[in-house]
Amino acid sequence: MKYSEQIIIDLPREIMIAKFENPENFKHWQKGFISYKHLCGSPGELGARSKLKFKMGKREIEMIETIEKRDLPNKLFTSYDAKGVFNHQKNYFEDVTTNSTRWISDNEFEFSGFMKIIALLMPGSFKKQTLNYMKDFKDFAENSTSVLNE
């Protein structure tokens, strides 16, 4: 499954990216976020790997994030490997004006096992979750609104 989403963040690109890539901020814009643990490589740099934990419904999900390409402030490519799901995410950041940034997120998912069935039954849920994260990031970055307060 492949799809793309985009959103305009009313901040200069450098400020937006600094907020985006700071693991301390993940809890403020990624609903269900529990923890982030760096595993290997230089944090945030090419080849770095980290473990992320999320609570989704009644389940806890662990995934391994790998930085596949880092060319900031223009792009950041990552992959996420969880049980039954592998996601390649290509994030592009473009100046719209000196004070606003377009964030484009291209996603490609591969599923195995039970997650193949979930993907067939609810394909829109993955796209919806990506867009929700993007909207929540926009609220956090622009207004310091945190999903922890919801």
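Computed from the coordinates by the stated procedures, all read-outs in this text should not be read as laboratory data. The structure displayed is predicted, hence computed values, not measured ones. Cβ coordinates were reconstructed from backbone atoms using ideal geometry, including for glycine residues, and neighbour counts include every protein chain displayed.
The trypsin sites (Lys or Arg not before Pro) found in the range 33-86 that occupy coil by DSSP, while having at most 10 further C-beta atoms within 10 Å, are K58.
Fewest-first ordering of H28, H88 by other beta carbons within 10 Å of each residue's beta carbon gives H88, H28. For the charge dipole of the chain, defined by +1 on Lys and Arg C-beta atoms and -1 on Asp and Glu C-beta atoms about the Cα centroid, which residue among V147, N132, I34 has the Cα displaced farthest towards the positive pole? My answer, from the dipole projection, is I34.
Mind running the shape call on the range 1-90? Use the C-alpha gyration tensor, a ≥ b ≥ c as the square roots of the eigenvalues: rounded below 1.5 for a/c, prolate if a/b tops b/c, oblate otherwise. The shape class here is rounded. Rounded to the nearest 500, the 222 nm mean residue ellipticity of the chain from helices alone is -8500 deg cm²/dmol, with -39,500 (n - 2.57) taken per DSSP H run of at least 4 residues. In this Cβ point-charge picture (+1 for Lys and Arg, -1 for Asp and Glu), the chain has a dipole of about 580 debye about its Cα centre.
Filter K27/K138; K53/K138; K31/K127; K19/K90; K37/K116; K2/K31 down to the pairs with a C-alpha to C-alpha distance above 19 Å, please. The pairs that break the limit, which is 19 Å between Cα atoms, are K53/K138; K37/K116; K2/K31.
For the chain, the relative contact order comes to 30 percent (Cα pairs under 8 Å, sequence separation of at least 6).
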